[in-house]
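Take a look at the structure set out below.
The values are calculated or read from the model by the stated rules, or taken from the named source; none is laboratory data. Being a predicted model, the structure only gives us computed values, none of them experimental. Heads up, the Cβs are rebuilt from the backbone with ideal geometry, glycines too, and the neighbour counts pull from every protein chain shown.
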């Protein structure tokens, strides 16, 4: 995975607000957003890729000065600074 002493910045993917989309779809006509916006919101959301644990992956950025500094990667969604990753999933972003 990374070299000893490398630090990573972890970021979770943004959540999808399906409740808001449902409220817009169920609202009376005068309160409804323009039709193209409704079509965009109502489209099925692509399923987030998952790690070997079966949960959505997290993205990160190498922050430590090294040859890989500034490179983005994906890793186990259960990653924590204290325990590291739960599974060995790791993928560099192309």
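Is it the case that residue 77 is in contact with a strand residue (DSSP E or B) (Cβ under 7 Å, 6 or more places away or on another chain), at pLDDT 65 or above, in a loop (DSSP other than H, G, I, E, B) and surrounded by 10 or more Cβ atoms within 10 Å (Cβ to Cβ)? Give the steps one after another, and end with the answer.
Numbers: in contact with a strand residue (DSSP E or B) (Cβ under 7 Å, 6 or more places away or on another chain): yes; at pLDDT 65 or above: yes; in a loop (DSSP other than H, G, I, E, B): yes; surrounded by 10 or more Cβ atoms within 10 Å (Cβ to Cβ): yes.
Yes.
Of all positions in segment 87-94, at least one carries a residue that is assigned to a loop (DSSP other than H, G, I, E, B), surrounded by 14 or more Cβ atoms within 10 Å (Cβ to Cβ) and either touching a helix residue (DSSP H, G or I) at 6+ places or on another chain (Cβ under 6 Å) or at pLDDT 80 or above (or both).
Results for (1) assigned to a strand (DSSP E or B); (2) at pLDDT below 70; (3) under 17 Å from residue 94 (Cα atoms), shown as yes or no for each residue.
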{"residue": "20", "(1), (2), (3)": "no, no, no"}
{"residue": "33", "(1), (2), (3)": "no, yes, no"}
{"residue": "37", "(1), (2), (3)": "no, yes, no"}
{"residue": "40", "(1), (2), (3)": "no, yes, no"}
{"residue": "45", "(1), (2), (3)": "no, yes, no"}
{"residue": "60", "(1), (2), (3)": "yes, no, yes"}
{"residue": "66", "(1), (2), (3)": "no, no, no"}
